[in-house]
Each structure stands twice: as C-alpha cells, then as structure tokens.
Amino acid sequence: MTRSAALGLEVQTRTRGCRQVLKKLWLWVLDLFFPRKCIFCQRILELEESDVCAECQMELPIYDVTPKSVTGAEACISVFFYEKNVREAILRYKFGRKEIYAQYFGKLMAAAYSAKCPQTIDAITWVPISKERMRERGFNQAQRLAEEVGNSRNLPLIKTLKKTENNPAQSQMQSAAQRRANVRGVYLPVDPQQWVGKQLLLVDDVVTTGSTLAECCRVLLTAGAAGVYCLTLAATRNTE
Ligand SMILES: [Zn+2]
C-alpha cells in the first residue's frame, strides 16, 4: 500500500469512529429528554437496547403451539400468546395512542410470515373496522400492521373488505356461537376484480376463537380469492 493510500484509510477509519461517537452522544441526548421505554413493560431502555428491554426479550410468550384453526383459511400464523405484557402492549397500541408500536410489531409479523407461510402470497390485506370505530381510534390497528408487513416483504397491499355494521366488540360476546353470530354478514368485498384468483394474506391483531377471521375468509373466498392465509400478532391460549 502506498503512503497516501494508507493515510486515506486512516482518515476514513477516524471519520467513521468519530461518527459513531457522535451517534452515541446524540442517542444519549435524545434518551435524556425523551426516554425510550420498553414496549412490553414500559421500563426505560438502556442505550444499547431498542424497542424491548433485555428481560422482556428473554420472556416474551412466543406462540409455539399448534396454530389456531380458522374455518376457510389455509393456515393461521401468530407471533405471541395474547397474555401478560403482550396483552398490555397491544391494548396500549390500540387504545393508548401508541400507533408507533406498529413498526416493531410489523417486523415480528413479517419474520413469522417468512418463516411459516409455505405459500407464495400475491397480496396482503387486513380485517376492516367500522367507520365509527375508526373515528374513535383514529387508525385501524390491523391495517397498520398489514402496511408494515407489506412494506417489509414487498407485498402489494389491497383493501379487500369493508365493514358495514358497527356491531358490538367480539370481546363482549360470551360464547363461540355468539361470536360467530355477531360477525355474520358484517363484511362486504371491495373491488374483487383486483384480487380474484389471488392468494391473500389476511392480517389482524389478535385471534381468539377465529370467528372474525373465518367470516372474512368466507367473504373473500365467495368473492373469488384463490386462498387465504391469516397472520396475527397474537393468539389466545385457549378458545373461549
Ligand atoms: Zn421490558
């Protein structure tokens, strides 16, 4: 190596080192004024941690049992059990103005999709919410997750369904039969010519008995989808 090339390399290394120090300093200043908190336990994060603290990272309830069976769907892929800190985090995401969590949740869902979905997917879609619910909440939690997964996996995002009724929340229904009846006929297909004959990935935040996803699958398949795979952030441990 010539002397000038060696000098150039040294300058480059020093500049890179300097940039890293500045970046650390900037993160430290940001943390000082806007402390970042763990998505799951809300503890203030250490400088080297991002999104989740080391303790939660070790203890997250990964969904590692037989996938939920959803009538009409080819499969249902879920990331977490819907319990403890995961449940709290999802409630903050939906009702506590934490739309920003979608970025982190979407990354995990994209990874689960890549690892577990055996089918080539043509487009990604989501479970819609009613206009009234949208006004209250300001965003559709399932759509935000679908956007993140779609961006990360380069899948086209298509609105395939709309909700025509503001029915009571599924969480208020006592039995599986009530849940099925509560969602029957509340979804309608949107522009099916855009997705007829396509394999769809249907995203929702939480699956419990699978009634909502099953009703969406029924409408999608009746309107001409070739097949539907479901992807959720969390799933309850037992069907209620
Ligand atoms: Zn934590």
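Every number in this text was worked out from the coordinates using simple rules, so none of it is lab data. Note that the structure is predicted; figures quoted are calculated from it, not measured. Using ideal geometry, Cβ is built from the backbone for each residue, glycine included, and neighbour counts are taken over all protein chains shown.
In a reduced charge model with +1 at each Lys and Arg Cβ and -1 at each Asp and Glu Cβ, region 61-149 shows a dipole moment near 400 debye about its Cα centre. When the chain is described by a simple charge dipole with +1 on each Lys and Arg Cβ and -1 on each Asp and Glu Cβ, the residue from Gly185, Leu32, Leu91 located farthest towards its positive end is Leu32.
Dipole magnitude for the chain: computed about the Cα centre from +1 point charges on Lys and Arg Cβ and -1 point charges on Asp and Glu Cβ, it is near 460 debye. The convex hull defined by the C-alpha atoms of region 1-92 has an orientation-averaged projected area of 11.2 nm². Ordering Glu147, Glu48, Glu59 by the number of other Cβ atoms within 10 Å of each residue's own Cβ, fewest first, gives Glu48, Glu59, Glu147.
Pairwise Cα distances in the chain exceed 22 Å in 58 percent of cases.
Sorted fewest first by neighbouring Cβ atoms within 10 angstrom, Asp122, Asp64, Asp205, Asp191 come out as Asp64, Asp191, Asp122, Asp205.
The calculated P(r) of region 57-139, using every Cα pair and 5 Å bins from 0, goes 3, 11, 18, 24, 20, 16, 8, 1 in percent. By the count of other C-beta atoms within 10 Å, a proxy for reagent exposure, Trp26, Trp126, Trp195 are ordered fewest to most as Trp26, Trp195, Trp126.
Rounded to whole Å, the principal axis extents of the Cα atoms in region 153-240 read 37, 27, 18, largest first. Think of it as helices only: each DSSP H run of n ≥ 4 in the chain is worth -39500 (n - 2.57), and spread over all residues that comes to -14000 deg cm²/dmol at 222 nm. DSSP beta bridges fully contained in region 57-235 are about 15 percent antiparallel. Over the chain, what is the relative contact order in whole percent, taking alpha-carbon pairs under 8 Å and six or more residues apart? Normalised by residue count, the contact order of the chain is 22 percent.
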